[in-house]
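The values are calculated or read from the model by the stated rules, or taken from the named source; none is laboratory data. Remember, it's a predicted structure, so these values are computed and weren't measured experimentally. All Cβ positions, even for glycine, are placed from backbone atoms using ideal geometry, and neighbour counts span all protein chains on display. Each accessible area value is taken on the protein alone, full model and side chains, heavy atoms only, with ligands, DNA and RNA left out. Shrake-Rupley method; radii C 1.70, N 1.55, O 1.52, S 1.80 Å.
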Amino acid sequence: MCTLEKRGNLFILTLTGDSDDDHRLNPALLATILSSLREAKSQATRGAVLITTSQGKFFSNGFDLGWPESAKRLHQMVQSFQPIVAELISLPMPTIAVVQGHAAAAGFALALCHDYVLMRSDKGVLYMSEVDLGLPLPEYFGVLFRAKVGSVSARRDVLLGGMKIRGAEAVRLGIVDGVHEGEEEVKEAGMRLGEELGNRKWDGGVYGEMRKGLYPELCGVLGLEVGKPVLPTL
Amino acid sequence: EKRGDFFVLTLTGDEHRLSPAAIADVLSSLREAKSQATRGSVLITTSQGRFFSNGLDLGWARSAGSRSEAAERLNHMVDSFRPIVAELISLPMPTVAVVQGHAAAAGFVLALCHDYVFMRSDRGVLYMSEVDLGIPLPDYFTVLFRAKIGSVSARRDALLRGTKIRGADAARLGIVDGVKGSEEELKDAGIRLAEQLAARKWDGEIYKVIRQSLYPELCGVLGLGVSKPVLSKL
């Protein structure tokens, strides 16, 4: 499932399970992630930071396709994941994804929703499996990728090429911000970055609005209002 | 001032802050340059000393009676600065910013409004201070950043992280077109580029229309209508 813990200023959202668990985003997990994000938002103060990570071999392998095969079930999960993307894009605090294992499909999208993405150099790939599985991309996934991945050829390689991207390559393509060798190391790096960002003590309301302003098309497709007036602290 | 083909706009005053008076001065200077434009005209904008510009005059805003009056003063400057961005985006001549010192907030924005930006490698930073100051970004600031800075992570670092960007990094991130190691060399580089651009003897109206077509979203948010077709001299 998932847990939300607070360590000082840091909210740590962990997808839990044993080392082989592929943290499939089934309806129950999606609901728990959403409520955890809302919980973090409600407790946000200056200097708060969200770190999302997982345990073991997988960050997340995407939607739970093992459900009785039905387009309706997949559609439901696509619908339920959308508010998670919306929460992350409007969260009133910086967000870091610590991708300690494989991130595929919706799992890759989940990581990309964060302001900063760290992954391992020694293990794990980022992979948009949809083209290989013959599954269409939800509209907001395409918009998310175009908003967050600047390189035209990287987008093509990821979405159209179904490329499995390892850490070093992900940095080179500008998809992640840094790589570290080992699960411990990447998690520590995430914590250090979290502390560094937390020490800036940013006003979360201003931060969240600024972030939305960077991704107006994504906000549009998610139904998020951009440009809400925030009173500056002069 | 006019030097041959060049219009040289030099910012003066304390930290070259964009106070209401300074904003009015800059605006009327730009309109003056526009009215005197001929083929081969070029605008060079620069400053003197430690700062290119440290942004809007927050001191003036803060000296208002209350927090809401301070916000009103800030909004007033934000609204007055908007036509400067509009004038620069529609100026019928190439524009070069020679950033010889720190450029922060609206000062950074002012530099970015130009077609070409040079800065020093040894001195000065580009810095969007708003996130640190807890001041929301005007819509046209964010649109300008998205129009002028191609790298997704550079935009995030500049706006969401408030990174103080030095010359070498600014060049690497594609934010500036060149860096030089001294004020002399920097100003020479600006003038050399201006000479090369002037020698092309471009039709200013055509130049303006082509520039605007590069930044349609920015033109939209500035209320710059779609230009009527200009009869080209074939």
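Results, tabulated for the structure shown:
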read-out	value
Enumeration of residues in region A:6-32 that are in contact (Cβ under 8 Å) with a residue 60 or more places away in the chain, within 15 Å of A:Leu110 (Cβ to Cβ) and of a type outside the set (Asp, Glu)	A:His23, A:Leu25
Leading residue by the ranking (surrounded by the fewest Cβ atoms within 10 Å (Cβ to Cβ)) among those in region B:51-104 that are among the aromatic types (Phe, Trp, Tyr) and away from chain A (no Cβ under 14 Å)	B:Phe51
Qualifying residues in region B:105-114 (those that are in contact with a Gly (Cβ under 9 Å, 6 or more places away or on another chain) and not aliphatic (A, V, I, L, M)) - the one nearest to the other protein chains (Cβ to nearest Cβ)	B:Phe108
Test: A:Gly174 is within 17 Å of the chain's Cα centre (by Cα) and farther than 25 Å from A:Val226 by Cβ	no
Pairs with Cβ under 8 Å, 6+ apart, first in region A:100-121 and in contact (Cβ under 8 Å) with a residue 40 or more places away in the chain and open to solvent by less than 10 Å² (accessible area, probe 1.4 Å), second among the basic types (Lys, Arg) and assigned to a strand (DSSP E or B)	A:Gln100/A:Arg120; A:Gly101/A:Arg120
Looking only at region A:164-194, and only at residues there that are of a type outside the set (A, V, I, L, M) and within 14 Å of another protein chain (Cβ to nearest Cβ), the one that is surrounded by the most Cβ atoms within 10 Å (Cβ to Cβ)	A:Gly194
Enumeration of residues in region A:29-79 that are among the basic types (Lys, Arg), over 30 Å from A:Arg200 (Cα atoms) and assigned to a loop (DSSP other than H, G, I, E, B)	A:Lys57
Every residue from region B:132-144 that is assigned to a helix (DSSP H, G or I), closer than 17 Å to B:Arg161 by Cα and facing chain A (nearest Cβ under 8 Å)	B:Asp132, B:Leu133, B:Thr142
Residues of region B:145-161 that turn out to be outside any helix (DSSP H, G or I) and within 14 Å of A:Tyr116 (Cβ to Cβ), as a count	1
Any hit, region B:151-158, residues being buried (at least 18 other Cβ atoms within 10 Å of the Cβ) and more than 11 Å from chain A (Cβ to nearest Cβ)	no
Residue check, A:Ala154 in contact (Cβ under 8 Å) with a residue 12 or more places away in the chain, open to solvent by 50 Å² or more (accessible area, probe 1.4 Å), part of a helix (DSSP H, G or I) and of a type in the set (Gly, Ala, Ser)	no
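To keep it simple, each residue is scored yes or no on (1) surrounded by 22 or more Cβ atoms within 10 Å (Cβ to Cβ); (2) touching a helix residue (DSSP H, G or I) at 6+ places or on another chain (Cβ under 7 Å); (3) not polar (S, T, N, Q).
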{"position": "A:Ala28", "(1), (2), (3)": "no, no, yes"}
{"position": "A:Thr45", "(1), (2), (3)": "no, no, no"}
{"position": "A:Ala48", "(1), (2), (3)": "yes, yes, yes"}
{"position": "A:Lys57", "(1), (2), (3)": "no, no, yes"}
{"position": "A:Gly66", "(1), (2), (3)": "no, no, yes"}
{"position": "A:Gln82", "(1), (2), (3)": "no, yes, no"}
{"position": "A:Ile89", "(1), (2), (3)": "yes, yes, yes"}
